[in-house]
1. For the stretch 63-135, just the Cα set please: Rg and Dmax, both in angstrom.
2. With a cut-off of 8 Å between alpha carbons and a minimum separation of six or more residues, what is the relative contact order of the chain in percent?
3. At 18 Å minimum axial length over the Cα atoms and a Kyte-Doolittle cut of -0.5, report the qualifying DSSP H helices in the chain, or say none.
4. If you roll a 1.4 Å probe over the chain with all protein chains in place, what percent of the accessible area is carbon or sulfur?
5. Quick check: residue separation of residue 244 and residue 80 times 0.36 nm, minus the Cα distance between them. What number comes out in nm?
6. Would you mind getting the Kirkwood hydrodynamic radius of the stretch 230-358 from its Cα pairs, rounded to one decimal in Å?
7. Sort 151-161, 274-284 for me by packing, meaning the mean count of neighbouring Cβ atoms within 10 Å per residue, highest on top.
8. Under the rule of at least 5 residues apart or a separate chain, name every residue whose amide H is placed under 5 Å from the amide H of residue 177.
Amino acid sequence: MRRTTGHCSLSDTPVVSSVAAGRLPRGAIEAGPFRLRPLRPDDAAVIHRLVNDWSVVRMLSRLPFPYPRSLTDDWIASTIAEHDRGDAWHLAVTRQDGDGETVLGCIGLRIDAPQKTATLGYWIGRPYWGTGAASTAAERVTRWALANLPIARITASAAQDNAASIAVLRKIGFREVGAGRQPFLARGGEHPVTLFEATHADMPGLATRNPSEDAAPDPSPAAAVPARRSVLVAAAALLDRDNRVLLARRPEGKPMAGLWEFPGGKIEQDETPEDALIRELREELGIEVSPACLAPFTFASHDYGTFHLLMPLFLCRRWKHTPTAREGQTLRWVHAAELADYPMPAADLPFIPLLRDLL
Ligand SMILES: Nc1nc2c([nH]c(=O)n2[C@@H]2O[C@H](COP(=O)(O)OP(=O)(O)OP(=O)(O)O)[C@@H](O)[C@H]2O)c(=O)[nH]1
(Lines give C-alpha, C1' and ligand atoms only; values in the text may rest on other atoms or scores of the structure.)
Protein backbone atom coordinates (compact mmCIF):
# COMPACT_ATOMS: atom_id res chain seq x y z
CA MET A 1 0.00 0.00 0.00
CA ARG A 2 3.08 2.17 -0.01
CA ARG A 3 2.54 5.62 -1.50
CA THR A 4 -1.01 4.99 -2.53
CA THR A 5 -4.10 5.87 -0.63
CA GLY A 6 -6.73 6.24 -3.03
CA HIS A 7 -9.79 6.37 -4.94
CA CYS A 8 -7.10 8.75 -6.18
CA SER A 9 -3.48 7.74 -6.07
CA LEU A 10 -0.50 9.63 -4.80
CA SER A 11 2.00 10.53 -7.50
CA ASP A 12 5.42 9.10 -8.18
CA THR A 13 7.06 12.45 -7.59
CA PRO A 14 10.17 11.85 -5.50
CA VAL A 15 10.29 13.95 -2.37
CA VAL A 16 13.50 15.94 -2.48
CA SER A 17 13.39 17.85 0.74
CA SER A 18 11.15 18.35 3.72
CA VAL A 19 10.31 22.01 4.04
CA ALA A 20 6.98 20.90 5.50
CA ALA A 21 8.64 19.04 8.38
CA GLY A 22 7.32 20.37 11.67
CA ARG A 23 4.33 21.97 9.92
CA LEU A 24 2.22 18.82 9.68
CA PRO A 25 -0.12 18.44 12.65
CA ARG A 26 0.74 15.62 15.03
CA GLY A 27 -2.79 15.24 16.25
CA ALA A 28 -6.22 14.84 14.70
CA ILE A 29 -8.22 17.38 12.74
CA GLU A 30 -11.99 17.53 12.83
CA ALA A 31 -13.93 17.38 9.55
CA GLY A 32 -17.64 17.81 10.23
CA PRO A 33 -18.91 14.49 11.59
CA PHE A 34 -15.58 12.84 10.81
CA ARG A 35 -12.24 12.90 12.56
CA LEU A 36 -8.99 12.62 10.62
CA ARG A 37 -6.22 11.25 12.80
CA PRO A 38 -2.73 9.83 12.24
CA LEU A 39 -2.62 6.12 11.46
CA ARG A 40 -1.54 3.74 14.23
CA PRO A 41 -0.04 0.26 14.00
CA ASP A 42 -3.20 -1.20 15.58
CA ASP A 43 -5.30 0.11 12.65
CA ALA A 44 -3.74 -2.55 10.40
CA ALA A 45 -6.44 -5.20 10.76
CA VAL A 46 -9.36 -2.90 9.99
CA ILE A 47 -7.52 -1.06 7.21
CA HIS A 48 -6.66 -4.40 5.63
CA ARG A 49 -10.26 -5.61 5.83
CA LEU A 50 -11.57 -2.44 4.15
CA VAL A 51 -8.98 -2.10 1.42
CA ASN A 52 -8.69 -5.76 0.48
CA ASP A 53 -11.91 -5.45 -1.48
CA TRP A 54 -11.90 -5.61 -5.27
CA SER A 55 -14.24 -2.64 -5.66
CA VAL A 56 -11.79 -0.47 -3.67
CA VAL A 57 -8.46 -1.92 -4.85
CA ARG A 58 -9.31 -1.71 -8.55
CA MET A 59 -9.36 2.09 -8.26
CA LEU A 60 -5.93 2.28 -6.57
CA SER A 61 -2.96 2.30 -8.85
CA ARG A 62 -0.29 0.54 -6.84
CA LEU A 63 -2.10 -2.12 -4.85
CA PRO A 64 -2.13 -5.81 -5.77
CA PHE A 65 -5.22 -7.94 -5.28
CA PRO A 66 -5.51 -9.84 -3.06
CA TYR A 67 -3.66 -7.45 -0.79
CA PRO A 68 -1.45 -9.23 1.78
CA ARG A 69 -2.04 -8.37 5.44
CA SER A 70 1.71 -7.99 6.13
CA LEU A 71 1.95 -5.12 3.61
CA THR A 72 -0.58 -3.17 5.66
CA ASP A 73 1.72 -3.25 8.70
CA ASP A 74 4.70 -2.15 6.58
CA TRP A 75 2.69 0.62 4.99
CA ILE A 76 1.42 2.02 8.30
CA ALA A 77 4.99 2.00 9.67
CA SER A 78 6.17 3.88 6.55
CA THR A 79 3.44 6.53 6.90
CA ILE A 80 4.58 7.27 10.44
CA ALA A 81 8.21 7.68 9.27
CA GLU A 82 7.13 9.88 6.35
CA HIS A 83 5.12 12.10 8.65
CA ASP A 84 8.15 12.55 10.92
CA ARG A 85 10.23 13.65 7.93
CA GLY A 86 7.47 15.99 6.72
CA ASP A 87 7.27 14.13 3.40
CA ALA A 88 3.70 12.94 3.64
CA TRP A 89 0.66 13.21 5.86
CA HIS A 90 -1.50 10.10 6.06
CA LEU A 91 -4.63 10.02 8.16
CA ALA A 92 -7.30 7.52 9.06
CA VAL A 93 -10.79 8.84 8.26
CA THR A 94 -12.84 7.96 11.35
CA ARG A 95 -16.28 8.54 12.84
CA GLN A 96 -17.46 8.31 16.43
CA ASP A 97 -20.20 5.65 16.67
CA GLY A 98 -21.64 5.41 20.19
CA ASP A 99 -18.72 4.79 22.51
CA GLY A 100 -16.41 3.53 19.81
CA GLU A 101 -14.50 4.86 16.86
CA THR A 102 -15.08 3.45 13.38
CA VAL A 103 -12.33 3.63 10.77
CA LEU A 104 -13.88 4.37 7.35
CA GLY A 105 -10.83 4.76 5.10
CA CYS A 106 -7.64 6.74 4.60
CA ILE A 107 -6.59 10.06 3.17
CA GLY A 108 -3.07 11.23 2.43
CA LEU A 109 -1.06 14.11 1.09
CA ARG A 110 2.43 13.65 -0.37
CA ILE A 111 4.48 16.82 -0.28
CA ASP A 112 7.02 17.89 -2.85
CA ALA A 113 8.43 20.90 -1.05
CA PRO A 114 10.84 22.19 -3.72
CA GLN A 115 8.00 22.26 -6.25
CA LYS A 116 5.56 23.74 -3.71
CA THR A 117 3.15 20.98 -4.65
CA ALA A 118 1.30 18.25 -2.79
CA THR A 119 -0.58 15.26 -4.16
CA LEU A 120 -3.84 14.13 -2.62
CA GLY A 121 -5.02 10.52 -2.42
CA TYR A 122 -7.84 8.81 -0.51
CA TRP A 123 -10.06 5.78 -0.32
CA ILE A 124 -13.14 4.91 1.68
CA GLY A 125 -14.20 1.33 2.51
CA ARG A 126 -17.27 0.08 0.65
CA PRO A 127 -19.61 -0.05 3.70
CA TYR A 128 -19.13 3.72 4.09
CA TRP A 129 -19.66 4.87 0.50
CA GLY A 130 -22.34 7.51 0.26
CA THR A 131 -21.69 8.87 3.77
CA GLY A 132 -19.94 12.02 2.51
CA ALA A 133 -16.70 10.87 4.14
CA ALA A 134 -14.56 11.18 0.98
CA SER A 135 -15.65 14.70 0.03
CA THR A 136 -15.64 16.02 3.60
CA ALA A 137 -12.18 14.62 4.35
CA ALA A 138 -10.71 15.61 0.97
CA GLU A 139 -12.01 19.17 1.23
CA ARG A 140 -10.77 19.56 4.82
CA VAL A 141 -7.26 18.29 4.03
CA THR A 142 -7.02 20.31 0.80
CA ARG A 143 -8.08 23.57 2.46
CA TRP A 144 -5.91 22.97 5.50
CA ALA A 145 -2.86 22.23 3.35
CA LEU A 146 -3.31 25.24 1.05
CA ALA A 147 -3.83 27.52 4.03
CA ASN A 148 -0.98 26.20 6.18
CA LEU A 149 1.72 24.53 4.12
CA PRO A 150 4.24 26.29 1.87
CA ILE A 151 2.61 24.93 -1.27
CA ALA A 152 1.03 26.59 -4.28
CA ARG A 153 -1.10 23.73 -5.56
CA ILE A 154 -2.48 20.29 -4.89
CA THR A 155 -2.75 17.70 -7.63
CA ALA A 156 -4.88 14.56 -7.76
CA SER A 157 -5.77 11.91 -10.29
CA ALA A 158 -8.64 9.46 -10.61
CA ALA A 159 -9.26 6.51 -12.91
CA GLN A 160 -11.63 7.65 -15.65
CA ASP A 161 -14.15 4.98 -14.65
CA ASN A 162 -14.08 6.18 -11.04
CA ALA A 163 -17.07 8.48 -11.35
CA ALA A 164 -17.45 8.81 -7.57
CA SER A 165 -13.93 10.11 -7.03
CA ILE A 166 -14.12 12.44 -10.03
CA ALA A 167 -17.37 13.86 -8.62
CA VAL A 168 -15.72 14.37 -5.21
CA LEU A 169 -12.77 16.27 -6.68
CA ARG A 170 -15.01 18.49 -8.82
CA LYS A 171 -17.38 19.16 -5.93
CA ILE A 172 -14.65 20.38 -3.61
CA GLY A 173 -13.15 22.75 -6.19
CA PHE A 174 -10.49 20.79 -8.06
CA ARG A 175 -10.12 21.72 -11.73
CA GLU A 176 -9.70 19.11 -14.45
CA VAL A 177 -6.37 19.90 -16.10
CA GLY A 178 -5.71 16.93 -18.31
CA ALA A 179 -5.78 13.24 -18.96
CA GLY A 180 -3.18 10.52 -18.93
CA ARG A 181 -2.62 6.86 -18.27
CA GLN A 182 -1.39 5.17 -15.09
CA PRO A 183 -0.58 1.57 -14.28
CA PHE A 184 -3.15 -0.16 -12.06
CA LEU A 185 -1.55 -3.17 -10.44
CA ALA A 186 -4.72 -5.03 -9.43
CA ARG A 187 -6.38 -4.67 -12.86
CA GLY A 188 -3.16 -5.11 -14.82
CA GLY A 189 -1.81 -2.71 -17.43
CA GLU A 190 -2.31 1.00 -17.82
CA HIS A 191 -5.70 2.68 -17.60
CA PRO A 192 -6.85 6.21 -18.44
CA VAL A 193 -6.94 8.73 -15.62
CA THR A 194 -8.23 12.27 -15.29
CA LEU A 195 -5.78 14.76 -13.79
CA PHE A 196 -6.89 17.49 -11.40
CA GLU A 197 -5.32 20.46 -9.69
CA ALA A 198 -6.38 23.00 -7.04
CA THR A 199 -4.77 26.27 -6.01
CA HIS A 200 -5.78 28.90 -3.48
CA ALA A 201 -7.83 30.60 -6.20
CA ASP A 202 -9.99 27.49 -6.61
CA MET A 203 -11.09 27.39 -2.98
CA PRO A 204 -13.75 30.02 -2.25
CA GLY A 205 -13.04 31.92 0.94
CA LEU A 206 -9.44 30.78 1.17
CA ALA A 207 -7.15 33.78 1.35
CA THR A 208 -4.55 33.78 -1.38
CA ARG A 209 -1.32 32.96 0.29
CA ASN A 210 2.16 33.55 -1.06
CA PRO A 211 3.70 30.09 -0.93
CA SER A 212 7.17 31.57 -0.58
CA GLU A 213 7.10 32.71 3.03
CA ASP A 214 9.95 35.14 2.60
CA ALA A 215 8.90 36.70 -0.67
CA ALA A 216 8.34 40.44 -0.52
CA PRO A 217 4.97 41.70 -1.74
CA ASP A 218 5.06 42.70 -5.42
CA PRO A 219 4.97 46.50 -5.44
CA SER A 220 4.48 46.85 -9.22
CA PRO A 221 1.19 48.38 -10.44
CA ALA A 222 0.60 45.21 -12.45
CA ALA A 223 0.29 43.29 -9.19
CA ALA A 224 -2.93 45.15 -8.44
CA VAL A 225 -4.49 44.39 -11.82
CA PRO A 226 -6.79 41.37 -11.71
CA ALA A 227 -5.75 38.52 -14.00
CA ARG A 228 -7.44 38.56 -17.41
CA ARG A 229 -10.18 36.00 -17.79
CA SER A 230 -9.26 35.03 -21.36
CA VAL A 231 -5.70 33.94 -21.94
CA LEU A 232 -4.41 33.90 -25.51
CA VAL A 233 -1.73 31.36 -26.26
CA ALA A 234 -0.21 30.35 -29.62
CA ALA A 235 1.12 26.80 -30.04
CA ALA A 236 2.72 24.76 -32.81
CA ALA A 237 2.59 21.15 -33.87
CA LEU A 238 6.12 20.82 -35.28
CA LEU A 239 6.20 17.86 -37.69
CA ASP A 240 9.38 16.02 -38.70
CA ARG A 241 10.02 14.02 -41.88
CA ASP A 242 8.45 10.92 -40.31
CA ASN A 243 5.28 12.89 -39.51
CA ARG A 244 6.07 12.79 -35.80
CA VAL A 245 4.90 15.67 -33.60
CA LEU A 246 7.14 17.42 -31.09
CA LEU A 247 5.73 17.40 -27.54
CA ALA A 248 7.25 19.28 -24.62
CA ARG A 249 6.73 18.21 -21.02
CA ARG A 250 5.98 21.21 -18.80
CA PRO A 251 8.79 21.60 -16.28
CA GLU A 252 8.26 21.24 -12.53
CA GLY A 253 7.28 24.45 -10.81
CA LYS A 254 4.98 25.65 -13.62
CA PRO A 255 1.21 25.17 -13.40
CA MET A 256 0.22 21.84 -14.96
CA ALA A 257 3.79 20.57 -14.52
CA GLY A 258 4.44 17.15 -15.98
CA LEU A 259 1.82 17.39 -18.74
CA TRP A 260 2.89 17.12 -22.39
CA GLU A 261 1.96 20.10 -24.55
CA PHE A 262 2.67 21.73 -27.87
CA PRO A 263 5.51 24.28 -27.78
CA GLY A 264 4.28 27.85 -27.60
CA GLY A 265 3.23 30.44 -25.07
CA LYS A 266 1.19 33.50 -24.24
CA ILE A 267 0.56 36.17 -26.84
CA GLU A 268 1.80 39.48 -25.51
CA GLN A 269 -0.01 42.75 -26.08
CA ASP A 270 0.62 44.08 -29.64
CA GLU A 271 1.87 40.68 -30.85
CA THR A 272 0.14 38.67 -33.55
CA PRO A 273 -0.26 34.95 -32.79
CA GLU A 274 2.43 34.25 -35.41
CA ASP A 275 4.86 36.78 -33.85
CA ALA A 276 4.29 35.29 -30.41
CA LEU A 277 4.80 31.76 -31.65
CA ILE A 278 7.99 32.60 -33.53
CA ARG A 279 9.34 34.27 -30.38
CA GLU A 280 8.31 31.38 -28.11
CA LEU A 281 9.82 28.77 -30.46
CA ARG A 282 13.07 30.73 -30.46
CA GLU A 283 13.08 31.09 -26.64
CA GLU A 284 11.94 27.57 -25.80
CA LEU A 285 13.57 25.52 -28.55
CA GLY A 286 16.21 27.71 -30.16
CA ILE A 287 14.69 27.35 -33.63
CA GLU A 288 13.91 30.01 -36.24
CA VAL A 289 10.59 29.84 -38.05
CA SER A 290 9.30 32.15 -40.74
CA PRO A 291 5.63 33.26 -40.71
CA ALA A 292 5.11 31.60 -44.10
CA CYS A 293 5.88 28.21 -42.52
CA LEU A 294 3.10 28.47 -39.92
CA ALA A 295 -0.12 26.95 -41.24
CA PRO A 296 -3.23 27.58 -39.10
CA PHE A 297 -4.69 24.15 -38.25
CA THR A 298 -7.27 24.38 -35.48
CA PHE A 299 -7.80 26.04 -32.12
CA ALA A 300 -8.66 25.21 -28.53
CA SER A 301 -11.25 27.12 -26.52
CA HIS A 302 -11.24 25.68 -23.04
CA ASP A 303 -12.45 26.88 -19.66
CA TYR A 304 -9.96 26.04 -16.92
CA GLY A 305 -12.17 27.65 -14.28
CA THR A 306 -9.71 30.34 -13.21
CA PHE A 307 -9.17 31.39 -16.85
CA HIS A 308 -10.43 30.63 -20.32
CA LEU A 309 -7.79 29.49 -22.79
CA LEU A 310 -8.03 30.44 -26.45
CA MET A 311 -5.19 28.78 -28.33
CA PRO A 312 -4.63 28.58 -32.08
CA LEU A 313 -2.58 25.55 -33.10
CA PHE A 314 -0.35 25.97 -36.17
CA LEU A 315 1.31 23.21 -38.18
CA CYS A 316 4.97 23.73 -39.00
CA ARG A 317 7.24 21.50 -41.07
CA ARG A 318 10.18 23.84 -41.73
CA TRP A 319 12.50 25.60 -39.33
CA LYS A 320 16.17 26.38 -38.85
CA HIS A 321 18.37 24.68 -36.21
CA THR A 322 17.61 21.60 -34.14
CA PRO A 323 14.92 21.94 -31.46
CA THR A 324 16.65 21.93 -28.06
CA ALA A 325 15.03 22.19 -24.64
CA ARG A 326 16.04 25.62 -23.38
CA GLU A 327 13.62 26.02 -20.48
CA GLY A 328 13.94 22.79 -18.52
CA GLN A 329 11.25 21.01 -20.51
CA THR A 330 11.61 17.45 -21.83
CA LEU A 331 11.14 17.05 -25.59
CA ARG A 332 9.86 14.01 -27.43
CA TRP A 333 8.97 13.27 -31.05
CA VAL A 334 5.76 11.28 -31.02
CA HIS A 335 3.80 9.43 -33.71
CA ALA A 336 0.18 10.58 -33.97
CA ALA A 337 -1.05 7.10 -32.98
CA GLU A 338 0.84 7.42 -29.68
CA LEU A 339 -0.31 10.91 -28.69
CA ALA A 340 -3.00 9.50 -26.39
CA ASP A 341 -0.28 7.85 -24.27
CA TYR A 342 1.01 11.26 -23.15
CA PRO A 343 -0.85 13.05 -20.33
CA MET A 344 -1.90 16.41 -21.81
CA PRO A 345 -3.67 19.55 -20.62
CA ALA A 346 -7.44 19.22 -20.99
CA ALA A 347 -7.50 21.91 -23.71
CA ASP A 348 -5.26 19.80 -25.96
CA LEU A 349 -7.27 16.58 -25.89
CA PRO A 350 -9.49 17.50 -28.91
CA PHE A 351 -6.29 17.96 -30.97
CA ILE A 352 -5.42 14.27 -30.73
CA PRO A 353 -8.05 12.82 -33.11
CA LEU A 354 -7.55 15.74 -35.52
CA LEU A 355 -3.80 15.13 -35.70
CA ARG A 356 -4.38 11.38 -36.00
CA ASP A 357 -6.66 11.96 -39.00
CA LEU A 358 -4.21 14.39 -40.59
CA LEU A 359 -0.98 12.45 -40.16
N1 LIG B 1 2.29 26.28 -24.81
C2 LIG B 1 1.19 25.61 -24.54
N3 LIG B 1 0.37 26.01 -23.52
C4 LIG B 1 -0.72 25.28 -23.29
C5 LIG B 1 -1.05 24.13 -24.05
N6 LIG B 1 -2.21 23.62 -23.59
C7 LIG B 1 -2.62 24.38 -22.55
O8 LIG B 1 -3.63 24.22 -21.86
N9 LIG B 1 -1.72 25.40 -22.37
C10 LIG B 1 -1.84 26.40 -21.34
O11 LIG B 1 -1.65 27.68 -21.87
C12 LIG B 1 -0.93 28.49 -20.97
C13 LIG B 1 0.39 28.86 -21.64
O14 LIG B 1 1.20 29.38 -20.72
P15 LIG B 1 2.76 29.22 -20.69
O16 LIG B 1 3.12 29.14 -19.26
O17 LIG B 1 3.24 28.13 -21.58
O18 LIG B 1 3.09 30.58 -21.35
P19 LIG B 1 4.49 31.31 -21.36
O20 LIG B 1 5.46 30.41 -22.07
O21 LIG B 1 4.17 32.64 -21.94
O22 LIG B 1 4.90 31.25 -19.85
P23 LIG B 1 5.04 32.28 -18.68
O24 LIG B 1 3.67 32.84 -18.40
O25 LIG B 1 5.51 31.34 -17.60
O26 LIG B 1 6.04 33.27 -19.17
C27 LIG B 1 -0.71 27.65 -19.72
O28 LIG B 1 -1.75 27.84 -18.83
C29 LIG B 1 -0.75 26.25 -20.31
O30 LIG B 1 -1.03 25.26 -19.38
C31 LIG B 1 -0.19 23.73 -25.11
O32 LIG B 1 -0.39 22.74 -25.80
N33 LIG B 1 0.91 24.50 -25.31
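1. Both quantities, over Cα of the stretch 63-135: 14.1, 44 Å.
2. Worked out over the chain, it gives 15 percent.
3. Answer set is 133-148.
4. C and S atoms contribute 53 percent here.
5. 54.4 nm
6. It works out to 14.6 Å.
7. 151-161, 274-284
8. The answer is 195, 196, 197.
The values are calculated or read from the model by the stated rules, or taken from the named source; none is laboratory data. The shown structure was predicted, so the numbers you read here are calculated from the model rather than taken from an experiment. Glycine gets a Cβ as well: all are built from the backbone with ideal geometry, and neighbour counts include every protein chain shown. These area figures cover heavy atoms from the full protein model, side chains too; ligands, DNA and RNA do not enter into them. Shrake-Rupley method; radii C 1.70, N 1.55, O 1.52, S 1.80 Å.
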